[in-house]
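The values are calculated or read from the model by the stated rules, or taken from the named source; none is laboratory data. As the structure is a computational prediction, the values presented were derived from the model and not from experiment. Note: ideal-geometry Cβ built from the backbone for every residue, glycine included; neighbour counts use all protein chains shown.
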Amino acid sequence: MTSATHRSAERIGHTEQGPRPLPPLAEPRAGRQPETVDTVLQNGLRVIAARHGAVPMVELRLRIPFAGEDPAHPARAEVLAETLLTGTRRRDRVSMDTDLAAVGGTLQAVVDPERLSITGDALASGMETLLDVLTDALTEASYPEHEVSGERDRLVERITVARSQPRTIAREELQYHRYGDHPFAREVPQAVDVAEVTPEQVRQLHREAVLPRGSTLVLVGDIDPAATVETVRRMTSGWQSEDAARELPALPEVAGGDVRLVHREGAVQSQLRFSAQAVPRTDERYPALQIANLVFGGYFSSRLVENIREDKGYTYGAHSTFEFTPDNGTILVDADTASEVTAAALLEIRYELGKLALVPPSEAEVESARQYAIGGLLTSTSSQSGLASMLMNVAALGLGQDWLSEHPDRLRAVTHQQVAEAARWYVPTAFTGVVVGDAEQLGEQLRGLGGVTLP
Amino acid sequence: MVEPQPHRVTLPNGLRVVLAPDAEPGSTSPGGPPVVGVSVHYDVGFRSEPEGRTGFAHLFEHLMFQGSESLEKLAHFRHVQGSGGIFNGSTHQDYTDYFQVLPSNALERALFLEADRMRAPRLTEENLRNQVDVVKEEIRLNVLNRPYGGFPWILLPPVLYSTFANAHNGYGDFTDLERATVDDCAAFFDTYYAPGNAVLTITGDIDVDHATDLVHKHFGDVPARSVPERPSFAEPAPSGELRDRHQDPHAPLPAVALGYRLPDPVGELDEYLANVVLAAVLSDGDASRLQQRLVYRDSLVVDVHAGAGLMGAPLDARDPDTFTITAIHSPEVTTDRVVDAVDSELERLATEGPTAEELSRVTARWSAGLHRDHDRLVSRTLDLGSTELLHGRAELVGELPARVGAVTAEEVASAAKALRPEARAVLEIEPTSEADGGAA
């Protein structure tokens, strides 16, 4: 199209020498495990500090279990997260930001049905400032009237924007379909509830729920772990309560059943979202299930992606992931497909689920997934931010750095037979889910396919 | 921290190679984790695709994953992931990148995979049709089926720019994508994917001499081909305010994007960096000017963002490049009120400049952000590669904190002064649906 005298595609794809052999892998070099201190302070806060990485930074993650059964809880929690860092006795919103910026730092708070999460980072030399701003907010957040009312108004509009995103709609529908009115399903609060939140309600929620006992603080970076824990001990000594932060009530098991079609006006693509019950991450069957899941749809070289993307072109991405809470684990399968091929994609997903459960993965499939799982842990924890997030993910389940260090051996020990057994979690009848799309276009085909409840 | 100086080799076929080890050769330091990053940047992006073939550079990027002489379809993915690694590629205005991050024992394998597709990719009708379908799904996902899709990177350029190269949609129209032929692919490859038009970057847990030997072994016999003369995409700056509207059936709230021309990122780097600082003074953090004024004081907008660069990051393109300010606002607030408030803040900065405290805040955050970014091997690898390609000096990556730190209040004031209403584009997003977010 540009070069006047270009070669043909056929010519480009062949050299005189012909195909070459793939080079073998070299001997792996073992990584060092980060020096870590993992302890529970007198106030009940678990602190994990790890020295890791080559850049002069520190990454911060704080998880406060933050569940609430009250229907008004999600709205109050959302306003709390949005205004936690907007004022204390010592600082207003601007001085919080400028104090952080002086040490190259940031802090953000977000909330979901399970927890209040605070993430941050700063130059390692500024860690005390980062912790000072954080503990100032944890112990003295004042929720100024004008900040709460301003943020409340903006939240109402941001919620409208969030609910216009297909992925948010689909997630909300799936949660409702799986868990009904369990608090876990209340992710995005209702705008009408947010509009009624008062500063005093937020202050009360803070007093009752922003608690150290049961919470976890992770600090990873160019730091001395033992000295860091002492710094945290000193700086959080004013954060005290006999009560414990609130964990989510136990989740019911996901039961297989019909997929529900949800209409979205004007949709040109459909969101397919399916789920089945699995095991907690702490279960001894998890490593085998992790490998089975990769084979199914957990990475690009999986049966599902190779089928519905690379063979049929139905989707840009298809995924199979886990969702873990402390005592529970589920499988989530997702793909977005054009309306015309949505029913066909559903058929292929069902086929691949059934095939995985009935036809055990080959040795080659298991080995590839095993290597990806081992290598993925290495690459994803090679950065400070990656390790901090991973440590927090496993800490929420009661695990720590030891579990991460031992996980490659756990994966190496998984037998082919164990993967075949784990694959049975994927029988199609174990799954339920939703399809969000243009029901006018999808209804007929999905009705024909069966197992779909139409609107 | 001082970034280690990258090493540089150029092969006889013209391939430029940048090597950035965790530890210097001979060092006794234990180095970082046993992970390597490998990337190849080709000096062609979507500004180079011809009329009638919008989206072709990106489509071709997909084709490069579809096999090569020694690798069947799917083999690339399987070899990278089966070695414990990750991969991806992305298409920008002026370049296309491909990368892997893997355990360091898979370095030779990654080099083999990149060399094989640089030498002899398999460009077939079947794979082309399959990837046209995949790309159309990607566009539905990221643009057509969601609110604010393509805002502002696809929607703003046709307002601000007049030439096809700068104005057209880099994701492509479906009709153009469907028209693409295997012979188009062959022509594109032969024209732009010559080794002399590419930069190979290797970072992380490597020994420079060993890695250099492996580069010669695998890339040494990729035949040299002529390298196209790089076209200039220069066009005159607008001589008035250019306005347009876009109707978005999925958006619940109106939005506005302002687009301005930036100084030449390569030829006027320090002036460009003053704009990078300006963007941070305007919208980075709760204490920034536009957050304070538009979000917290006047409650005009839900979100506001200012930035140098069209695709979300500065220094990602050659000239011409775009400074953008975007905001989502409630329907009760008119576009003019939002734009007037932006103008008055720009005017204030142009007259008074930022305070010393604002400048040091921005500088500290920027350096920290760069450290943090480069702690991720994939970012470090891609930054070194794109900087070598666009600026000819990967070293610039390590020098940026000092250069940004040297930007003065006067330079930021000048940058603010140059963002004039009479030389900008204003794009409004009009929600056209009454839907309350959709789910009935």
Self-check item: Failed item in (1) within 14 Å of another protein chain (Cβ to nearest Cβ); (2) over 28 Å from the mean Cα position of the chain (by Cα), with A:Thr168 passing the rest
Solution: (2)
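Rundown of residues vs (1) assigned to a helix (DSSP H, G or I); (2) in contact (Cβ under 8 Å) with a residue 24 or more places away in the chain; (3) hydroxyl-bearing (Ser, Thr, Tyr); (4) within 13 Å of chain A (Cβ to nearest Cβ), yes/no style:
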site	(1), (2), (3), (4)
B:Glu271	yes, yes, no, no
B:Val295	yes, no, no, yes
B:Ser299	no, no, yes, yes
B:Val302	no, yes, no, yes
Quiz item: Quick one: which of B:Pro12, B:Pro50, B:Pro33 is assigned to a loop (DSSP other than H, G, I, E, B) and away from every other protein chain (no Cβ under 12 Å)?
Solution: B:Pro12
Quiz item: Do we have A:Gln17 as more than 27 Å from A:Glu406 (Cα to Cα) and surrounded by fewer than 23 Cβ atoms within 10 Å (Cβ to Cβ) here?
Solution: yes
Quiz item: Is it fair to say A:Thr330 is among the β-branched types (Val, Ile, Thr) and closer than 27 Å to B:Ala75 by Cβ?
Solution: no
Exercise. Looking only at the range B:188-208, decide whether some residue is touching a residue at least 40 places away in the same chain (Cβ under 8 Å) and within 15 Å of B:Glu51 (Cα to Cα).
Key: yes
Quiz prompt | Filter result for the condition that a residue is more than 14 Å from chain A (Cβ to nearest Cβ) and closer than 25 Å to B:Val397 by Cβ, over B:Leu349, B:Leu384 | solution = B:Leu384
Practice problem: Give the residue that is farthest from the chain's Cα centre (by Cα), with candidates limited to residues of the range B:112-130 that are touching a residue at least 40 places away in the same chain (Cβ under 8 Å) and more than 8 Å from chain A (Cβ to nearest Cβ). | Solution: B:Glu125
Exercise. Consider only pairs whose beta carbons are under 6 Å apart and that are at least six residues apart or on different chains; among these, list those whose first residue lies in the range B:64-81 and is more than 7 Å from chain A (Cβ to nearest Cβ) and whose second residue is part of a loop (DSSP other than H, G, I, E, B) and surrounded by fewer than 21 Cβ atoms within 10 Å (Cβ to Cβ).
Key: B:Gln66/B:Lys73; B:Gly67/B:Lys73
Quiz item: Considering only helices (runs of 4 or more DSSP H) fully contained in the range B:319-428, which possess at least 3 residues that are farther than 23 Å from B:His92 by Cα?
Solution: B:335-352, B:356-375, B:396-405, B:409-418
Exercise. Could you pull out every one of the helices (runs of 4 or more DSSP H) wholly within the range A:300-404 that has 1 or more residues that are away from chain B (no Cβ under 14 Å)?
Key: A:342-358, A:384-395
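Just checking, which of A:Leu219, A:Leu211 is assigned by TED's automatic domain parsing to the domain that holds A:Gly53 and part of a strand (DSSP E or B)?
Sole residue among the options that is assigned by TED's automatic domain parsing to the domain that holds A:Gly53 and part of a strand (DSSP E or B): A:Leu219.
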Practice problem: Quick one: in the range B:409-435, of everything that is crowded, with 18+ Cβ neighbours inside 10 Å and among the β-branched types (Val, Ile, Thr), which residue is farthest from B:Ala257 (Cα to Cα)? | Solution: B:Val412
Exercise. Considering only the range B:213-226, state which residues are buried (at least 17 other Cβ atoms within 10 Å of the Cβ) and part of a helix (DSSP H, G or I).
Key: B:Leu214, B:Val215, B:His218, B:Phe219
Quiz item: Within the range B:82-99, can you find the residues that are of a type outside the set (Ser, Thr, Tyr), at the interface with another protein chain (Cβ under 10 Å from one of its Cβ atoms) and within 19 Å of B:Thr203 (Cβ to Cβ)?
Solution: B:Gly84, B:Gly85, B:Ile86, B:Phe87, B:Asn88
Quiz item: Under 8 Å by Cβ, and 6 or more places apart or on different chains, what pairs join a residue from the range B:230-249 that is under 30 Å from B:Tyr193 (Cβ atoms) and at pLDDT 95 or above with one that is of a type in the set (Ser, Thr, Tyr) and not in a strand (DSSP E or B)?
Solution: B:Phe233/B:Thr163; B:Glu235/B:Tyr161; B:Glu235/B:Ser162; B:Glu235/B:Thr163
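Out of curiosity, is B:Phe112 in a helix (DSSP H, G or I) and touching a Phe, Trp or Tyr at 6+ places or on another chain (Cβ under 6 Å)?
no
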Quiz item: From the set of residues in the range A:15-29 that are more than 36 Å from the chain's Cα centre (by Cα) and closer than 16 Å to B:His79 by Cα, which is farthest from the other protein chains (Cβ to nearest Cβ)?
Solution: A:Pro21
Quiz prompt | Matching entry among B:Asn105, B:Asn145 (being farther than 30 Å from A:Leu378 by Cβ and facing chain A (nearest Cβ under 7 Å)) | solution = B:Asn145
Self-check item: Sole residue being in contact with a helix residue (DSSP H, G or I) (Cβ under 9 Å, 6 or more places away or on another chain), among the hydroxyl-bearing types (Ser, Thr, Tyr), crowded, with 24+ Cβ neighbours inside 10 Å and in contact (Cβ under 8 Å) with a residue 60 or more places away in the chain, chosen from A:Thr342, A:Thr315
Solution: A:Thr342
Quiz item: If we scan the range A:268-275, do we find a residue that is basic (Lys, Arg) and either part of a helix (DSSP H, G or I) or more than 30 Å from A:Gln445 (Cα to Cα) (or both)?
Solution: no
